[in-house]
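The values are calculated or read from the model by the stated rules, or taken from the named source; none is laboratory data. Quick caveat, the model's predicted, so the values are computed rather than measured. Methodologically, a virtual Cβ is constructed for each residue, glycine included, from the backbone with ideal geometry; neighbour enumeration extends over all protein chains shown. Side chains included, ligands, DNA and RNA excluded: accessible areas come from the protein's heavy atoms. Shrake-Rupley method; radii C 1.70, N 1.55, O 1.52, S 1.80 Å.
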Amino acid sequence: ATETPTATPTSTPAPTQTPGTPGTMHVGSLAGFSGKLAKGNWQANVTVSVHDSAHGPVGSATVTVNWGTGTLASSTCTTAPDGMCTATSGTILRNVSTVTATVANISHSTLTYNAADNHQTSVVVAK
C-alpha cells in the first residue's frame with residue numbers, strides 16, 4: 001500500500017515594517033491643526049512623532065519645523081518619552097488660508113536624522 005503524504009499546515013507571519021538604518025531616527029507621522037487668534041488671525045500647529053530605526057519612540061529629540069510662508073520663522077519642539085511633540089507657528093494673517101509645515105531637521109544626542117526613512121515629511125494646515 002502506498003501512503004499519501006499529508007500536508008503540514010504552516011502559519012503566515014504577520015507583516016512588519018521594514019527597519020530603517022540602525023542608529024538613525026525619522027518622522028513617523030505629522031498631524032496639523034489650527035488655533036484662532038485675535039482679529040481673525042490664526043496659528044498653525046503640527047504634532048510630530050519621531051521613531052528610531054526599529055520604529056520605537058525617540059524622546060529628547062529636537063524637531064525643527066519650517067512653515068510654508070516667507071514671513072514665518074521656523075519653530076522647534078522637543079519630543080517627550082513617547083516620541084511626540086507639537087511645534088507652533090507664529091501669527092498667520094487672516095487672509096492666509098493654509099500653510100505647509102515641513103520637518104527641516106531632527107537632532108538628538110545619540111541618533112542621526114535620516115529623512116529618507118520618513119513616513120511623512122510635510123502636512124498642510126488649514127485655517
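For the range 114-127, the set of residues classified as in a strand (DSSP E or B) and surrounded by 15 or more Cβ atoms within 10 Å (Cβ to Cβ) consists of SER122, VAL123, VAL125, listed by residue number.
Taken across the range 35-54, residues that are out of contact with any Asp or Glu (no Cβ under 6 Å at 6 or more places or on another chain), loosely packed, with under 15 Cβ neighbours inside 10 Å and closer than 26 Å to ASN114 by Cβ do occur, with at least one present. Taking VAL58, is it open to solvent by less than 50 Å² (accessible area, probe 1.4 Å), at pLDDT 95 or above, of a type in the set (A, V, I, L, M, F, W, C) and more than 20 Å from VAL123 (Cα to Cα)? Against the criterion (open to solvent by less than 50 Å² (accessible area, probe 1.4 Å), at pLDDT 95 or above, of a type in the set (A, V, I, L, M, F, W, C) and more than 20 Å from VAL123 (Cα to Cα)), VAL58 qualifies. Within the range 39-52, residues that are over 12 Å from ARG94 (Cβ atoms) and in contact (Cβ under 8 Å) with a residue 12 or more places away in the chain sit with their Cβ atoms under 6 Å from residues that are open to solvent by 10 Å² or more (accessible area, probe 1.4 Å) and of a type in the set (Phe, Trp, Tyr), at 6+ positions apart or across chains, in these pairs: ASN45/PHE33.
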